[in-house]
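Engineer: Below are the structure tokens for one structure; questions will follow.
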Amino acid sequence: MIGLLRQNISIAQQNIKGQLLRTILTIIIIAIGITALVGILSAVNALSSTLTNGFSEIGTNTFYIQQYELSIERRGGNRRTVVNPIIKYRQVREFENKYKTALTQVGVTFQATSTAEVKSEGRKTKPKVIIAGVNQHYAENAGVQLSRGRMFSLLDISNNSKVCLIGSDMGEELFEGLNPLGKTLSVRGNKFTVVGVLEEKGSTFGNNIDLRVLIPIDVARGIYTQPNINYNLSVKVFDKNFIDRAKGEATVLMRNIRGLSPQEADNFGITQSDQLISSIDQISDALSIAAIIISLITIFGSSIALMNIMLVSVTERTREIGVRKALGAKRSTISLQFFIETFLISQYGSILGILLGMLIGYGVSSYFEIPFEIPWTAIIAATITSIIIAFFSGVIPAVKAAKLDPIEALRYE
């Protein structure tokens, strides 16, 4: 049995080489469908995993109050873009002072710049450092962890102390691997003492958040005085049973602060990390479905092309089939030979498609500077798909070849 199988595989390889151009074109068509499936799914999985991991570190007990960049309203079939007003410093301070819900703490932050040049002891960074002003609760609310040192205290914030927390890459940029705690760095001529180093986070979408400096919020406002600064609030609830109540009271308070009447819609957004993760999952599912649809359409076309090649091959090799039958070959042997040819062609296309798809996924991951994950689910799905292609494309030609009458086949010219 094994010897017969090897013989059929050898014959199949020879016949594939004999119709090389048609085979290559069919392999490419199959590979395109598999590439779409593996490539899109691997890219989507990498993006989704990175974003989900980032939000999951925050925890489901924290929600954010922030400006929605855009909202969409439909009027007469047309879309109208509405920009919400920024959240001003006066509003976040009023929220901090008036929000008294039990078992909660309020964090405040704003990004002053993402192109700062930071100096220390004759060394300086490239102008790509993120400077953010924060209060004492921001880091805990945002799930930020320290690798060494301490967080900001209430005294640091209330006394406008010139202290800072730095990202993990700042130490390499400015202090050449030395312990940065207690060292001094300069931001726009202002001297800050490093009291803590943040845990490494890595780059996401080309944005290296390990190159950042956190400073007390009022100190940051004194250094960066540009108009229309937008602030973000975060509220951490220490008992998850009170999360809905906390969000409800935050919504009411923020509406009052923003001066909204009962008839007016919210002009700010309240989001929770699990809501963001859910949105990411929905987008990922939609892209995955799109990848599957694209690949199925392409695979359907490749199946027809592969079946056509094998039917032509049966016709061209009618006399050969007659000779083999006259020498005692069974129907099962003839049909197995053609089925093996179909299977090999589909697997060649599958392997090429998987390699190209993984290359696309790796390219997307490298471009956005996110970890690449081997898409095992997509690879398994692609392999199963290629086997299904081989089965449906190979059955009809194999049956046709097996049913040929040996006498009539020998007469064929």
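Engineer: Any residue at all in region 336-352 that's in the same structural domain as Ile380 (by TED's automatic domain parsing), modelled with pLDDT of 75 or more and either in contact with a Cys (Cβ under 6 Å, 6 or more places away or on another chain) or more than 23 Å from Arg6 (Cα to Cα) (or both)?
Structural biologist: Yes; the residues of region 336-352 include at least one that is in the same structural domain as Ile380 (by TED's automatic domain parsing), modelled with pLDDT of 75 or more and either in contact with a Cys (Cβ under 6 Å, 6 or more places away or on another chain) or more than 23 Å from Arg6 (Cα to Cα) (or both).
Engineer: If you scan region 349-376, which residues turn out to be closer than 23 Å to Ile16 by Cβ and of a type in the set (A, V, I, L, M, F, W, C)?
Structural biologist: Matches in region 349-376: Ile351, Leu352, Ile354, Leu355, Leu356.
Engineer: Being assigned to a helix (DSSP H, G or I), assigned by TED's automatic domain parsing to the domain that holds Thr298 and either among the polar types (S, T, N, Q) or modelled with pLDDT of 75 or more (or both) is true for just one of Ile9, Ile32. Which residue is that?
Structural biologist: Going through Ile9, Ile32 in turn, the sole match is Ile32.
Engineer: Separate question: What pairs come out if I take residues in region 220-238 that are within 20 Å of Ile130 (Cβ to Cβ) and pair them with residues that are surrounded by fewer than 17 Cβ atoms within 10 Å (Cβ to Cβ) and among the aliphatic types (A, V, I, L, M) whose C-beta lies under 7 Å away, six or more apart or interchain?
Structural biologist: Hits for this filter: Asn228/Ile86; Asn230/Ile86.
Engineer: For Asn78, work out the one condition from (1) at pLDDT below 90; (2) polar (S, T, N, Q); (3) touching a strand residue (DSSP E or B) at 6+ places or on another chain (Cβ under 7 Å) it doesn't fulfil.
Structural biologist: (3)
Engineer: Does any residue in region 255-271 that is closer than 16 Å to Arg90 by Cα come within less than 7 Å, Cβ to Cβ, of a residue that is part of a helix (DSSP H, G or I) and aromatic (Phe, Trp, Tyr) six or more places away or on a different chain, and which pairs are these?
Structural biologist: Qualifying pairs under 7 Å: Ile257/Phe95.
Engineer: Asp285 - would you say it is loosely packed, with under 14 Cβ neighbours inside 10 Å and at pLDDT 75 or above?
Structural biologist: yes
Engineer: Do any residues in region 169-183 that are over 14 Å from Arg148 (Cα atoms) have Cβ atoms under 9 Å from those of residues that are acidic (Asp, Glu), where the two are at least six apart or on different chains, and which pairs are they?
Structural biologist: Going by the 9 Å Cβ cut-off, the qualifying pairs are Leu174/Glu121; Phe175/Glu121.
Engineer: Sticking with this structure for a sec: Being in a helix (DSSP H, G or I) and out of contact with any Leu (no Cβ under 9 Å at 6 or more places or on another chain) is the filter here, so list the residues in region 142-170 that pass it.
Structural biologist: Across region 142-170, the qualifying residues are Leu154, Leu155, Asp156, Ile157, Ser158.
Engineer: Here's another thing I want to ask about it. Residues that are assigned to a loop (DSSP other than H, G, I, E, B) and of a type in the set (Val, Ile, Thr): does region 184-205 have at least one?
Structural biologist: No, because not a single residue in region 184-205 is assigned to a loop (DSSP other than H, G, I, E, B) and of a type in the set (Val, Ile, Thr).
Engineer: Considering only region 229-263, how many residues are more than 13 Å from Ala112 (Cβ to Cβ) and assigned to a loop (DSSP other than H, G, I, E, B)?
Structural biologist: Selection size over region 229-263: 8.
Engineer: Out of the residues in region 85-118 that are part of a loop (DSSP other than H, G, I, E, B) and among the charged types (D, E, K, R), state the one that is surrounded by the fewest Cβ atoms within 10 Å (Cβ to Cβ).
Structural biologist: Lys100
Engineer: Filter region 373-413 down to residues that are farther than 28 Å from Ala305 by Cα and modelled with pLDDT under 75 and give me whichever is surrounded by the most Cβ atoms within 10 Å (Cβ to Cβ).
Structural biologist: Glu373
Engineer: Whether any residue in region 121-132 is surrounded by 21 or more Cβ atoms within 10 Å (Cβ to Cβ), touching a residue at least 40 places away in the same chain (Cβ under 8 Å) and either over 27 Å from the mean Cα position of the chain (by Cα) or in a loop (DSSP other than H, G, I, E, B) (or both) is what I want to check.
Structural biologist: No: zero hits.
The values are calculated or read from the model by the stated rules, or taken from the named source; none is laboratory data. Every value quoted in this text rests on a predicted model; they were computed, and no experiment measured them. Note that each Cβ is placed from the backbone with ideal geometry, even for glycine, and that neighbours are counted across all protein chains shown.
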